[in-house]
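Step one of this worksheet: look at the structure below.
The values are calculated or read from the model by the stated rules, or taken from the named source; none is laboratory data. Small disclaimer: the values here were computed from a predicted structure and weren't measured. Backbone-built Cβ (ideal geometry, glycine too); neighbour counts: all protein chains shown. Accessible surface areas use protein heavy atoms only, side chains included; no ligands, DNA or RNA. Shrake-Rupley method; radii C 1.70, N 1.55, O 1.52, S 1.80 Å.
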Amino acid sequence: MADRSFLNWPFFEPRHRELAAALDAWCAANLPVDHADADAACIGLVRMLGEGGWLEHSAINPDRPGTLDVRSLCLIRETLARHDGLADFAFAMQGLGTGAISLFGSHEQRQWLKKSRAGEVLTAFALSEPRSGSDVANMDMTATRDGNQFVLNGEKTWISNGGIAGLYCVFARTGEGPGAKGLSCFLVPADTPGLEIAERLEVIAPHPLARLHFNSVRVPADALIGEPGGGFRVAMSVLDVFRSTVGAAALGFARRALDETLSRVRERELFGAPMAELQMVQGHVADMALDVDASALLIYRAAWTKDTGAARVTREAAMAKLHATETAQAVIDKAVQLHGGDGVRHGHIVESLYREIRALRIYEGASDVQKVVIARHMLSGG
Ligand SMILES: Cc1cc2nc3c(=O)[nH]c(=O)nc-3n(C[C@H](O)[C@H](O)[C@H](O)COP(=O)(O)OP(=O)(O)OC[C@H]3O[C@@H](n4cnc5c(N)ncnc54)[C@H](O)[C@@H]3O)c2cc1C
């Protein structure tokens, strides 16, 4: 049983504790699902998460627009990740893919949220390109105004849910200013003519992922989210909300690795006694527990800060993501070590956690980028 004592921290309200307990029970009854076909698994998971009502937390309610509750997003991601990495991915993408609509969408654009929150449409966030991943402002893809339409041309890559999403939130250069000042954000339904899945990408832990080709894709002018030229602000605002939640997913993986390790070292006998009695093993367990608690403190501080009215949580979110993803990798590595040969055996939970965690240190701002963000924030006077 995972440590739940953190739920008593002052960052949470009673509704958060109820949410965490209810979701934990739902996960125990429904997860993990079969991952043999990642596309089918994700489509099924989005439907299940919609039916269970969990996706209502992934986007605002268009009939009663409010704010996204980052503590709920983090608790849900942590809990899902602890039970099934693909379930966390499925939930996360419904939030990231609609984040721009939740934060900046018009009343008409927000009607999409009814479907995404019900699990009836899968969504994707298309920012990265072959030449611009970390260097977002350098993107090549263009959107050119033509009467009452925009025409999109270019490529996006590493797009999660690419190939199975029904709706893409796409960033392109509209040229109002140089670099970051000339980007805009558009809603592009997957069946829009000219939008092609150029390549499906396979990674270390299977997820639906694709490179997309936009060949004169025409969208109406009202597909623009926010202001023309405001796309960089839209993207950064979405990431400001969701960056801490990546840390929360990493925390869920780390907690699971710690739980598995506690069971293992209590049960397995080495040299005539439980492994747990070896002091070097105890040292590893202490390091793992410390990393987990420190990550949880940073994540729920960032989430609480955002929820209680901070306009931006750039420093807090960067610290939460950086620390939680880096230390989760270390925690999981220790778990693999303490499981011996079983730890590297295909199909063992710690082996899959070892693969699952790696990409979190790269996407939504690589660890090195988070360090730059934190340092710039501190050097500019905080
Ligand atoms: C599994 C997965 C899912 C993804 N899903 C999505 C998605 O849904 N939508 C989307 O738009 N993108 C997505 N991405 C793309 C992801 O955001 C980029 O891969 C990431 O931003 C890094 O960009 P890059 O791969 O082009 O690497 P590069 O930008 O070439 O960076 C390479 C490395 O350079 C280092 N680095 C970068 N900048 C600095 C710096 N300023 N100082 C020091 N070192 C630096 C980092 O170590 C970085 O990992 C996904 C990626 C993966 C792996």
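Just one of the listed residues (Ala296, Ala317, Ala254) is buried (at least 18 other Cβ atoms within 10 Å of the Cβ), within 16 Å of the ligand (Cβ to nearest atom) and within 23 Å of the chain's Cα centre (by Cα), and it is Ala317. Take the conditions of a type in the set (A, V, I, L, M) and open to solvent by 10 Å² or more (accessible area, probe 1.4 Å) and apply them to Leu353. Does it pass? Criteria not met by Leu353.
Within segment 29-44, none of the residues are of a type in the set (Val, Ile, Thr), open to solvent by less than 10 Å² (accessible area, probe 1.4 Å), at pLDDT 95 or above and part of a helix (DSSP H, G or I). Listed by position, the strands (runs of 3 or more DSSP E) inside segment 111-209 whose residues that are within 14 Å of the ligand (Cβ to nearest atom) and within 21 Å of the chain's Cα centre (by Cα) number at least 2 are 123-126, 149-160, 167-173, 183-189. Whenever a residue of segment 193-207 is under 13 Å from Thr157 (Cα atoms), its partners that are more than 10 Å from the ligand (Cβ to nearest atom) and assigned to a loop (DSSP other than H, G, I, E, B), lying with C-beta atoms within less than 6 angstrom and at least six residues away or across chains, give the pairs Ile197/Gly163; Arg200/Gly163. Could you check segment 166-180 and list, in sequence order, the residues that are open to solvent by 30 Å² or more (accessible area, probe 1.4 Å) and either touching a Cys at 6+ places or on another chain (Cβ under 9 Å) or polar (S, T, N, Q) (or both)? Result: Thr174, single match. Residue check: Asp240 meets all listed conditions (1) open to solvent by less than 20 Å² (accessible area, probe 1.4 Å); (2) more than 18 Å from the chain's Cα centre (by Cα); (3) of a type in the set (Asp, Glu) but one, namely (2).
Confirm whether Leu55 is in a helix (DSSP H, G or I) and within 15 Å of the ligand (Cβ to nearest atom).
no
Table: residues versus (1) closer than 23 Å to Pro189 by Cα; (2) open to solvent by 10 Å² or more (accessible area, probe 1.4 Å); (3) acidic (Asp, Glu).
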residue: Leu73; (1), (2), (3): no, no, no
residue: Thr79; (1), (2), (3): no, no, no
residue: Arg82; (1), (2), (3): no, yes, no
residue: Phe89; (1), (2), (3): yes, yes, no
residue: Gly95; (1), (2), (3): yes, no, no
residue: Thr98; (1), (2), (3): yes, no, no
residue: Leu103; (1), (2), (3): yes, yes, no
residue: His107; (1), (2), (3): yes, yes, no
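Here are His348, His339, His323, His377: which of them is surrounded by fewer than 21 Cβ atoms within 10 Å (Cβ to Cβ) and either touching a residue at least 40 places away in the same chain (Cβ under 8 Å) or within 15 Å of the ligand (Cβ to nearest atom) (or both)? The unique qualifying residue is His377.
The set of residues in segment 210-233 that are among the basic types (Lys, Arg) and either outside any helix (DSSP H, G or I) or within 15 Å of the ligand (Cβ to nearest atom) (or both) comprises Arg211, Arg218.
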